[in-house]
Amino acid sequence: MKEWLIFVTENAVILINGVALLTVIAGTIEACLNGLRLMFSSSSANPMRETWVRFGRWLIAALTFQLAADIIGTAIAPSWQEIGKLGAIAVIRTFLDFFLERDLADMRNADAQPASPGRLWQRNSN
C-alpha cells in the first residue's frame with residue numbers, strides 16, 4: 001500500500017509541475033506577443049501595464065501549481081530542504097499576489113476617474 005501511495009504521489013508531483021511549466025510558457029508567450037504588438041501599434045494609451053498584470057496572473061497560477069506539487073511531495077519525504085523550498089514558494093507567491101492586487105486596484109481607480117489631459121500624461125509617463 002505504501003509503495004502504491006509513493007508511486008501515485010511522485011507521478012502527481014511530476015504532472016502538476018508539468019502544468020506549472022506549461023502555465024509559465026503560455027503566460028510568457030502571451031506577454032511577448034502582446035509586447036511585440038504594442039511596440040508596433042500607435043496607441044497613445046499605455047496598455048503595457050495591463051500586459052504585465054496579466055503576466056503576473058500567469059506566474060501566480062504557476063506558483064500555485066508548484067506549491068501544490070511541493071505540498072504533495074513533502075507528504076511522502078519531508079526534508080528541511082523540501083520544507084524550505086515550500087516556504088520560499090509560499091512567500092514569493094504571497095508577495096506577487098499582494099503587488100498584483102495593488103496594481104489591479106490602481107488600474108481600477110485610474111479607469112474610474114474621468115479622463116483629463118493631465119491624467120493621460122501621467123498614465124503615459126509611468
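Here, each number is a calculation from the coordinates, and none is a lab measurement. Note that this is a predicted model, so its numbers are computed, not measured. All Cβ positions, glycine included, derive from the backbone under ideal geometry; neighbour counts span all protein chains shown.
Things worth noting here:
- Here the Gaussian network model covers the chain, with springs between Cα atoms less than 10 Å apart; of Asp70, Asp106, Asp97, Asp106 fluctuates the most.
- Calculated FRET value between Arg108 and Met1, using beta carbons and R₀ = 35 Å, to 0.05: 0.10
- Remark: spin-label model distance Glu30-Phe95 equals 2.4 nm, labels positioned 7 Å along the Cα→Cβ axis.
- Altogether, the Stokes-Einstein calculation at 4 °C and 1.567 mPa s, with the Kirkwood radius of region 2-125 over Cα pairs as Rh, returns a diffusion coefficient of 76 µm²/s.
- Förster radius 35 Å - calculated FRET efficiency between Leu15 and Leu38, Cβ distance, rounded to 0.05: 0.50
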